[in-house]
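Student: One structure, pasted below without further comment.
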Amino acid sequence: MTSNPNLPETELVFTRRFSMGHRLISGSSERCAMVHGHNEYVTIRLKAMQPARLDGQQNVIVPFAEAKTRWHNFIDNIVDHALQLSEQDPLLNWFQTNEPERAKRIIVTPGDPTTELMAALLLAKLNAFLAADGGKLCALGIELQETPTNTVRLDGSPDAFLPTSGRPAAQCWWHRADLTISDL
Ligand SMILES: Nc1nc2c(c(=O)[nH]1)N=C([C@H](O)[C@H](O)COP(=O)(O)OP(=O)(O)OP(=O)(O)O)CN2
């Protein structure tokens, strides 16, 4: 189907709030090397892969529930109240030794879990979910508000922005359409 060039740019925009803890150990901010937390907002922007005129009956791009349920399940049940730690953080070892069940709730990141990195990882995960759902929708971008005064906005593909992990995509949790948050 050729898409109509007169169609307006139309986006579905969904926002979710979650709490998190993290620390940055690689020197970007000594203040942030102590474990601390934020209440964050993540906003995603989706569009139809094949934009079309509303059909005069249902008049939806796709139902909101179909577009957001899988994503919100991931944010609400996995990301919310998770601790985010770099794969180099010695606290990981502490949790695995002393609290192995809680260690499963740690989002393990390639380097420090900054807002820039988490925006890119979350967008990659969203792209994996959308592809697994049949590819009717694609992500235009993501906005991650760490605090009311600090936000990272990422438009387009996160691939060239993500640090190289040296592992194939299937061994990177952010490229898998599942609920995993670690590759340890
Ligand atoms: N480029 C980045 N720099 C920093 C990040 C980050 O994710 N990306 N994160 C932090 C810390 O997590 C810190 O908690 C937040 O930064 P900070 O600006 O110090 O936060 P405040 O809420 O105190 O900012 P105000 O300007 O006082 O509102 C540090 N740097």
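Student: Restricting the stretch 1-16 to residues that are in contact (Cβ under 8 Å) with a residue 40 or more places away in the chain and touching a Phe, Trp or Tyr at 6+ places or on another chain (Cβ under 9 Å), which is farthest from the ligand (Cβ to nearest atom)?
Tutor: Top of the filtered list is 12.
Student: Does residue 182 meet the test of being among the polar types (S, T, N, Q), away from the ligand (no atom under 16 Å from the Cβ), within 25 Å of residue 35 (Cβ to Cβ) and touching a strand residue (DSSP E or B) at 6+ places or on another chain (Cβ under 7 Å)?
Tutor: Considered against the rule, which asks whether it is among the polar types (S, T, N, Q), away from the ligand (no atom under 16 Å from the Cβ), within 25 Å of residue 35 (Cβ to Cβ) and touching a strand residue (DSSP E or B) at 6+ places or on another chain (Cβ under 7 Å), residue 182 comes out as yes.
Student: Quick one: which of 83, 130, 126 is under 15 Å from the mean Cα position of the chain (by Cα), part of a helix (DSSP H, G or I) and either under 23 Å from residue 150 (Cβ atoms) or modelled with pLDDT under 95 (or both)?
Tutor: The unique qualifying residue is 126.
Student: Further question on the same structure: Residue check: is residue 158 of a type outside the set (Val, Ile, Thr), within 16 Å of the ligand (Cβ to nearest atom) and surrounded by 14 or more Cβ atoms within 10 Å (Cβ to Cβ)?
Tutor: Considered against the rule, which asks whether it is of a type outside the set (Val, Ile, Thr), within 16 Å of the ligand (Cβ to nearest atom) and surrounded by 14 or more Cβ atoms within 10 Å (Cβ to Cβ), residue 158 comes out as yes.
Student: Sticking with this structure for a sec: Determine, yes or no, whether residue 106 is touching a helix residue (DSSP H, G or I) at 6+ places or on another chain (Cβ under 9 Å), at pLDDT 95 or above, among the β-branched types (Val, Ile, Thr) and over 16 Å from residue 42 (Cα atoms).
Tutor: Yes; evaluated as a whole, the condition is true for this residue.
Student: When residues of the stretch 17-47 are filtered for being among the small types (Gly, Ala, Ser), part of a loop (DSSP other than H, G, I, E, B), more than 10 Å from the ligand (Cβ to nearest atom) and touching a residue at least 60 places away in the same chain (Cβ under 8 Å), how many remain?
Tutor: So the count comes out to 1.
The values are calculated or read from the model by the stated rules, or taken from the named source; none is laboratory data. Here the structure is a predicted model, which is why all the values come from computation and not from measurement. When we count neighbours, we look across all protein chains shown, and the Cβ atoms used for this are built from the backbone with ideal geometry, even at glycine.
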